[in-house]
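The values are calculated or read from the model by the stated rules, or taken from the named source; none is laboratory data. Quick caveat, the model's predicted, so the values are computed rather than measured. As a convention, Cβ positions derive from the backbone with ideal geometry for all residues, glycine included, and neighbour counts pool all protein chains shown. Keep in mind that these areas ignore ligands, DNA and RNA; they rest on the heavy atoms of the full protein, side chains included. Shrake-Rupley method; radii C 1.70, N 1.55, O 1.52, S 1.80 Å.
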Amino acid sequence: MKKQGPKGKLSVLLRWIFWVVLVQLILLNISAALYAYKFTHVYDDPELRTQTSHGNLFSKTWRLFSGPRQPRSLITEYPSFLFDTVELKTASGIAIDAWYSQPDSNSRGTVLLFHGIQSNKGMLLHEASAFRAMGFSVLLTDFRAHGNSGSRVTTLGVREAEEVVLAYNYIRSRGEKNIFLWGSSMGAVVVARAVWKYNLQPTGVLLEMPFGSLQEHLQARARNLGFQGLPEKPFGFFVSLWIGWEKGFNGLQHKSARYASALQCPVLYQYGMLDKYVRRAETERVFAAIPSTRKKLVGFPAAGHESLQQNDPQLWDREVKAFLDSCLVPR
(Lines give C-alpha, C1' and ligand atoms only; values in the text may rest on other atoms or scores of the structure.)
Protein backbone atom coordinates (compact mmCIF):
# COMPACT_ATOMS: atom_id res chain seq x y z
CA MET A 1 0.00 0.00 0.00
CA LYS A 2 1.30 3.39 -0.98
CA LYS A 3 1.92 5.71 1.97
CA GLN A 4 0.43 9.19 1.96
CA GLY A 5 2.83 12.07 1.71
CA PRO A 6 2.68 15.24 3.85
CA LYS A 7 0.30 16.90 1.39
CA GLY A 8 -2.06 13.94 1.48
CA LYS A 9 -2.09 13.86 5.28
CA LEU A 10 -2.74 17.61 5.37
CA SER A 11 -5.63 17.19 2.93
CA VAL A 12 -7.21 14.48 5.10
CA LEU A 13 -6.77 16.62 8.22
CA LEU A 14 -8.37 19.64 6.56
CA ARG A 15 -11.32 17.55 5.37
CA TRP A 16 -11.74 16.15 8.86
CA ILE A 17 -11.65 19.65 10.38
CA PHE A 18 -14.16 20.85 7.78
CA TRP A 19 -16.66 18.11 8.62
CA VAL A 20 -16.24 18.62 12.37
CA VAL A 21 -16.86 22.37 12.01
CA LEU A 22 -19.82 21.77 9.70
CA VAL A 23 -21.43 19.33 12.14
CA GLN A 24 -20.85 21.76 15.01
CA LEU A 25 -22.49 24.59 13.05
CA ILE A 26 -25.49 22.40 12.22
CA LEU A 27 -25.90 21.37 15.86
CA LEU A 28 -25.48 24.97 17.01
CA ASN A 29 -28.18 26.16 14.61
CA ILE A 30 -30.55 23.36 15.64
CA SER A 31 -30.02 24.33 19.28
CA ALA A 32 -30.51 28.03 18.53
CA ALA A 33 -33.70 27.38 16.56
CA LEU A 34 -35.15 25.24 19.37
CA TYR A 35 -34.21 27.78 22.03
CA ALA A 36 -35.57 30.70 19.97
CA TYR A 37 -38.94 29.01 19.47
CA LYS A 38 -39.41 27.94 23.10
CA PHE A 39 -38.13 31.21 24.54
CA THR A 40 -40.70 33.22 22.57
CA HIS A 41 -43.70 31.02 23.44
CA VAL A 42 -45.52 30.66 26.76
CA TYR A 43 -47.15 27.50 28.08
CA ASP A 44 -49.86 26.84 30.67
CA ASP A 45 -48.22 23.74 32.18
CA PRO A 46 -48.34 24.31 35.99
CA GLU A 47 -45.20 22.20 36.53
CA LEU A 48 -43.15 24.85 34.72
CA ARG A 49 -43.81 27.29 37.57
CA THR A 50 -41.96 25.10 40.05
CA GLN A 51 -38.88 24.36 37.93
CA THR A 52 -35.54 25.70 39.17
CA SER A 53 -32.30 26.69 37.46
CA HIS A 54 -30.30 24.27 39.61
CA GLY A 55 -28.81 21.04 38.31
CA ASN A 56 -25.62 19.43 37.14
CA LEU A 57 -23.62 20.47 34.10
CA PHE A 58 -25.42 17.95 31.88
CA SER A 59 -28.90 19.22 32.77
CA LYS A 60 -27.82 22.84 32.35
CA THR A 61 -26.26 22.02 28.98
CA TRP A 62 -29.43 20.28 27.88
CA ARG A 63 -31.56 23.28 28.91
CA LEU A 64 -29.25 25.55 26.95
CA PHE A 65 -29.33 23.24 23.92
CA SER A 66 -33.05 22.45 23.83
CA GLY A 67 -34.39 25.74 25.15
CA PRO A 68 -36.58 26.50 28.20
CA ARG A 69 -40.36 26.13 28.13
CA GLN A 70 -41.64 29.43 29.50
CA PRO A 71 -44.71 29.45 31.80
CA ARG A 72 -47.23 32.23 31.37
CA SER A 73 -46.79 34.72 34.21
CA LEU A 74 -50.02 34.51 36.19
CA ILE A 75 -51.28 37.48 38.17
CA THR A 76 -51.34 36.57 41.85
CA GLU A 77 -51.38 40.07 43.35
CA TYR A 78 -54.07 42.68 42.85
CA PRO A 79 -54.17 46.36 43.84
CA SER A 80 -55.26 47.33 47.33
CA PHE A 81 -56.39 50.65 45.83
CA LEU A 82 -59.43 51.25 43.61
CA PHE A 83 -58.87 50.60 39.93
CA ASP A 84 -60.68 50.06 36.64
CA THR A 85 -59.80 47.31 34.17
CA VAL A 86 -59.11 48.66 30.70
CA GLU A 87 -59.07 46.42 27.63
CA LEU A 88 -57.03 47.58 24.67
CA LYS A 89 -56.62 45.75 21.36
CA THR A 90 -53.71 45.49 18.94
CA ALA A 91 -54.09 45.85 15.18
CA SER A 92 -53.97 42.05 14.87
CA GLY A 93 -56.73 41.62 17.45
CA ILE A 94 -54.71 40.68 20.55
CA ALA A 95 -56.53 41.69 23.75
CA ILE A 96 -54.30 43.75 26.06
CA ASP A 97 -55.31 43.97 29.70
CA ALA A 98 -54.52 47.05 31.82
CA TRP A 99 -55.40 48.57 35.19
CA TYR A 100 -56.12 52.29 35.57
CA SER A 101 -56.21 54.07 38.92
CA GLN A 102 -56.34 57.68 40.05
CA PRO A 103 -54.78 58.96 43.30
CA ASP A 104 -56.86 59.86 46.32
CA SER A 105 -56.06 63.56 45.73
CA ASN A 106 -56.20 65.53 42.51
CA SER A 107 -54.07 63.88 39.86
CA ARG A 108 -50.89 65.69 38.79
CA GLY A 109 -50.38 63.52 35.72
CA THR A 110 -50.33 59.87 34.64
CA VAL A 111 -47.54 57.31 34.75
CA LEU A 112 -47.71 54.34 32.38
CA LEU A 113 -45.96 51.26 33.81
CA PHE A 114 -44.49 48.39 31.78
CA HIS A 115 -43.04 45.17 33.18
CA GLY A 116 -40.17 42.88 32.16
CA ILE A 117 -39.87 39.41 30.63
CA GLN A 118 -41.89 36.69 32.40
CA SER A 119 -43.47 39.30 34.64
CA ASN A 120 -46.85 41.07 34.67
CA LYS A 121 -48.59 44.20 35.90
CA GLY A 122 -49.36 42.58 39.26
CA MET A 123 -45.63 42.66 40.02
CA LEU A 124 -45.52 46.46 39.66
CA LEU A 125 -47.88 47.31 42.50
CA HIS A 126 -45.16 48.70 44.78
CA GLU A 127 -44.09 51.17 42.10
CA ALA A 128 -47.71 51.98 41.23
CA SER A 129 -48.54 52.68 44.89
CA ALA A 130 -45.50 54.95 45.17
CA PHE A 131 -46.54 56.93 42.08
CA ARG A 132 -50.09 57.28 43.47
CA ALA A 133 -48.68 58.53 46.79
CA MET A 134 -46.85 61.22 44.81
CA GLY A 135 -50.19 62.34 43.34
CA PHE A 136 -50.13 60.58 39.96
CA SER A 137 -52.64 58.39 38.19
CA VAL A 138 -51.26 55.06 36.96
CA LEU A 139 -51.93 52.71 34.06
CA LEU A 140 -50.36 49.27 34.42
CA THR A 141 -50.32 47.15 31.25
CA ASP A 142 -49.70 43.47 30.57
CA PHE A 143 -47.66 42.89 27.43
CA ARG A 144 -48.92 40.24 25.02
CA ALA A 145 -48.33 36.67 26.27
CA HIS A 146 -48.03 37.99 29.84
CA GLY A 147 -50.53 38.21 32.69
CA ASN A 148 -54.12 38.65 31.49
CA SER A 149 -53.27 39.75 27.97
CA GLY A 150 -53.83 37.49 24.98
CA SER A 151 -51.45 35.57 22.70
CA ARG A 152 -48.90 32.88 23.47
CA VAL A 153 -46.06 34.57 21.60
CA THR A 154 -43.70 37.27 22.82
CA THR A 155 -41.22 39.10 20.59
CA LEU A 156 -39.10 40.14 23.59
CA GLY A 157 -39.76 43.84 23.17
CA VAL A 158 -40.05 44.32 19.41
CA ARG A 159 -43.78 44.23 18.60
CA GLU A 160 -44.67 44.99 22.23
CA ALA A 161 -44.03 48.65 21.40
CA GLU A 162 -47.60 48.62 20.09
CA GLU A 163 -48.85 48.07 23.64
CA VAL A 164 -47.06 51.23 24.77
CA VAL A 165 -48.72 53.20 21.97
CA LEU A 166 -52.14 51.81 22.84
CA ALA A 167 -51.71 52.78 26.50
CA TYR A 168 -50.30 56.20 25.57
CA ASN A 169 -53.18 56.98 23.19
CA TYR A 170 -55.75 55.81 25.74
CA ILE A 171 -54.43 58.26 28.35
CA ARG A 172 -54.17 61.05 25.77
CA SER A 173 -57.82 60.46 24.87
CA ARG A 174 -58.69 61.28 28.47
CA GLY A 175 -57.19 64.74 28.00
CA GLU A 176 -54.00 64.12 29.98
CA LYS A 177 -51.06 66.45 29.24
CA ASN A 178 -48.49 65.07 31.69
CA ILE A 179 -47.77 61.53 30.51
CA PHE A 180 -44.75 59.66 31.85
CA LEU A 181 -43.50 56.31 30.57
CA TRP A 182 -41.87 53.99 33.13
CA GLY A 183 -40.41 50.61 32.24
CA SER A 184 -38.36 47.94 33.96
CA SER A 185 -35.96 45.55 32.17
CA MET A 186 -37.65 44.55 28.90
CA GLY A 187 -40.33 47.13 29.69
CA ALA A 188 -37.67 49.87 29.62
CA VAL A 189 -36.45 48.63 26.23
CA VAL A 190 -40.01 48.64 24.89
CA VAL A 191 -40.61 52.17 26.16
CA ALA A 192 -37.52 53.44 24.34
CA ARG A 193 -38.45 51.51 21.19
CA ALA A 194 -42.01 52.89 21.22
CA VAL A 195 -40.73 56.48 21.39
CA TRP A 196 -38.26 55.70 18.58
CA LYS A 197 -40.70 53.85 16.32
CA TYR A 198 -43.88 55.88 16.83
CA ASN A 199 -42.41 59.31 17.60
CA LEU A 200 -44.19 59.56 20.94
CA GLN A 201 -43.89 62.81 22.89
CA PRO A 202 -44.10 61.91 26.60
CA THR A 203 -43.49 64.48 29.30
CA GLY A 204 -40.71 62.29 30.65
CA VAL A 205 -39.30 58.75 30.52
CA LEU A 206 -38.12 56.61 33.44
CA LEU A 207 -35.95 53.63 32.45
CA GLU A 208 -34.85 50.92 34.86
CA MET A 209 -32.30 48.24 33.93
CA PRO A 210 -32.86 47.92 30.15
CA PHE A 211 -30.64 45.32 28.50
CA GLY A 212 -28.18 46.59 25.91
CA SER A 213 -29.44 44.31 23.15
CA LEU A 214 -31.29 41.06 22.64
CA GLN A 215 -27.96 39.40 21.92
CA GLU A 216 -26.48 40.64 25.22
CA HIS A 217 -29.57 39.58 27.14
CA LEU A 218 -29.26 36.04 25.78
CA GLN A 219 -25.55 36.02 26.58
CA ALA A 220 -26.45 36.96 30.16
CA ARG A 221 -28.88 34.04 30.36
CA ALA A 222 -26.15 31.65 29.20
CA ARG A 223 -23.67 33.25 31.59
CA ASN A 224 -26.00 32.83 34.55
CA LEU A 225 -26.39 29.14 33.72
CA GLY A 226 -22.61 28.80 34.09
CA PHE A 227 -21.59 29.09 30.41
CA GLN A 228 -19.23 32.05 30.71
CA GLY A 229 -16.70 33.28 28.19
CA LEU A 230 -16.59 31.70 24.74
CA PRO A 231 -19.93 29.75 24.78
CA GLU A 232 -22.11 32.74 25.63
CA LYS A 233 -21.22 34.81 22.55
CA PRO A 234 -22.10 32.37 19.74
CA PHE A 235 -25.17 31.34 21.75
CA GLY A 236 -26.40 34.96 21.95
CA PHE A 237 -25.65 35.60 18.28
CA PHE A 238 -27.33 32.52 16.82
CA VAL A 239 -30.40 32.60 19.09
CA SER A 240 -30.94 36.32 18.30
CA LEU A 241 -30.61 35.46 14.62
CA TRP A 242 -33.15 32.64 14.84
CA ILE A 243 -35.62 34.63 16.95
CA GLY A 244 -35.59 37.26 14.22
CA TRP A 245 -35.96 34.71 11.40
CA GLU A 246 -38.82 32.94 13.16
CA LYS A 247 -40.67 36.13 14.11
CA GLY A 248 -40.00 38.20 11.00
CA PHE A 249 -37.55 40.89 12.17
CA ASN A 250 -33.82 41.43 12.57
CA GLY A 251 -33.02 40.16 16.05
CA LEU A 252 -29.45 41.43 15.82
CA GLN A 253 -30.75 45.01 15.48
CA HIS A 254 -32.89 44.85 18.61
CA LYS A 255 -30.64 47.30 20.48
CA SER A 256 -31.56 49.70 23.26
CA ALA A 257 -28.96 52.32 22.30
CA ARG A 258 -30.55 52.50 18.86
CA TYR A 259 -33.94 53.28 20.41
CA ALA A 260 -32.51 55.57 23.09
CA SER A 261 -31.19 57.86 20.35
CA ALA A 262 -34.76 59.16 19.93
CA LEU A 263 -35.21 60.23 23.57
CA GLN A 264 -35.29 64.03 23.43
CA CYS A 265 -37.49 64.41 26.53
CA PRO A 266 -36.22 64.34 30.14
CA VAL A 267 -34.95 60.88 31.15
CA LEU A 268 -34.31 59.29 34.54
CA TYR A 269 -32.18 56.16 34.07
CA GLN A 270 -31.77 53.85 37.09
CA TYR A 271 -29.89 50.57 37.46
CA GLY A 272 -28.69 48.04 40.02
CA MET A 273 -24.94 48.11 40.57
CA LEU A 274 -24.95 44.35 41.35
CA ASP A 275 -27.00 43.43 38.28
CA LYS A 276 -25.87 40.05 36.86
CA TYR A 277 -28.06 40.32 33.76
CA VAL A 278 -27.25 43.85 32.59
CA ARG A 279 -23.58 44.75 32.75
CA ARG A 280 -22.35 48.26 33.56
CA ALA A 281 -20.93 48.64 30.04
CA GLU A 282 -24.43 48.10 28.58
CA THR A 283 -25.90 50.69 30.93
CA GLU A 284 -23.27 53.28 30.11
CA ARG A 285 -23.59 52.68 26.35
CA VAL A 286 -27.38 53.09 26.35
CA PHE A 287 -27.26 56.12 28.62
CA ALA A 288 -24.61 57.77 26.41
CA ALA A 289 -26.87 57.30 23.37
CA ILE A 290 -29.65 59.42 24.90
CA PRO A 291 -29.47 62.88 23.26
CA SER A 292 -31.64 64.64 25.85
CA THR A 293 -29.90 67.45 27.69
CA ARG A 294 -32.02 66.60 30.73
CA LYS A 295 -30.96 63.10 31.69
CA LYS A 296 -29.72 61.55 34.91
CA LEU A 297 -28.10 58.20 35.70
CA VAL A 298 -28.68 56.76 39.19
CA GLY A 299 -27.06 53.59 40.51
CA PHE A 300 -28.47 51.52 43.38
CA PRO A 301 -25.45 50.13 45.28
CA ALA A 302 -27.15 47.08 46.81
CA ALA A 303 -29.49 46.17 43.93
CA GLY A 304 -29.29 43.44 41.34
CA HIS A 305 -31.80 42.84 38.55
CA GLU A 306 -34.85 43.43 40.73
CA SER A 307 -37.38 46.01 41.83
CA LEU A 308 -35.26 49.05 42.65
CA GLN A 309 -38.16 50.60 44.53
CA GLN A 310 -38.32 47.64 46.90
CA ASN A 311 -34.53 47.42 47.20
CA ASP A 312 -34.09 51.02 48.34
CA PRO A 313 -37.44 52.83 48.71
CA GLN A 314 -35.89 56.04 50.06
CA LEU A 315 -33.44 56.48 47.19
CA TRP A 316 -36.03 55.50 44.59
CA ASP A 317 -38.74 57.79 45.99
CA ARG A 318 -36.33 60.72 46.28
CA GLU A 319 -34.99 60.45 42.73
CA VAL A 320 -38.33 59.70 41.10
CA LYS A 321 -40.24 62.45 42.91
CA ALA A 322 -37.58 65.06 42.06
CA PHE A 323 -37.65 63.97 38.43
CA LEU A 324 -41.44 64.05 38.11
CA ASP A 325 -41.68 67.43 39.85
CA SER A 326 -39.10 68.93 37.49
CA CYS A 327 -40.94 67.76 34.36
CA LEU A 328 -44.54 68.75 35.01
CA VAL A 329 -46.14 71.15 32.56
CA PRO A 330 -49.17 73.38 33.36
CA ARG A 331 -52.46 71.52 32.90
_At a 10 angstrom cut-off on C-beta neighbours, averaged per residue, how do the peptides 29-36, 152-159 rank from highest to lowest?_
152-159, 29-36
*Enter the Cα centre distance for the pair the stretch 149-167 and the stretch 177-250, rounded to the nearest angstrom.*
13 Å
*Any chance you could give the angle, 0 to 90 degrees and rounded to 10, that helix 232-247 forms with the longest Cα principal axis of the chain?*
70 degrees
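Per-residue counts of other Cβ atoms within 10 Å, averaged by peptide: what ranking do you get for 97-106, 211-220, highest first?
For the peptides 97-106, 211-220, the packing ranking is 211-220, 97-106.
With the cut-off at 31 Å, tell me which of the pairs 38/296; 38/255; 197/321 have Cα atoms farther apart than that.
38/296
Starting from 0.36 nm per residue, how many nanometres of slack lie between residue 246 and residue 311 once their C-alpha separation is accounted for?
Here the segment from residue 246 to residue 311 would lengthen by 19.7 nm.
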*Please give the contour-minus-distance gain from residue 224 to residue 27: 0.36 nm per residue of separation, less the Cα-Cα distance, rounded to one decimal in nm.*
68.7 nm
_Cα gyration tensor, the stretch 202-331 - rounded (a/c under 1.5), prolate or oblate_ = oblate
*With r as the distance between the Cβ atoms of residue 105 and residue 318 and R0 = 22 Å, compute the FRET efficiency 1/(1 + (r/R0)^6) and round to 0.05.*
0.65
*asked:* Quick check on the stretch 110-257: take the gyration tensor over C-alpha atoms, sort the square-rooted eigenvalues as a ≥ b ≥ c, and tell me if it's rounded (a/c under 1.5), prolate or oblate.
replied: prolate
_Shape of the chain, Cα gyration tensor, a/c cut at 1.5_ = prolate
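So with the 1.4 Å probe, I'd like the accessible area per residue for the chain, rounded to whole Å².
With the other protein chains kept in place, the chain gives 48 Å² per residue.
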*Taking the mean number of other Cβ atoms within 10 Å as a proxy for protection, how do you rank 180-193, 258-271 from highest to lowest?*
180-193, 258-271
_On a full-extension model of 0.36 nm per residue, what is the gain between residue 329 and residue 294, subtracting their alpha-carbon distance, rounded to one decimal in nm?_
11.1 nm
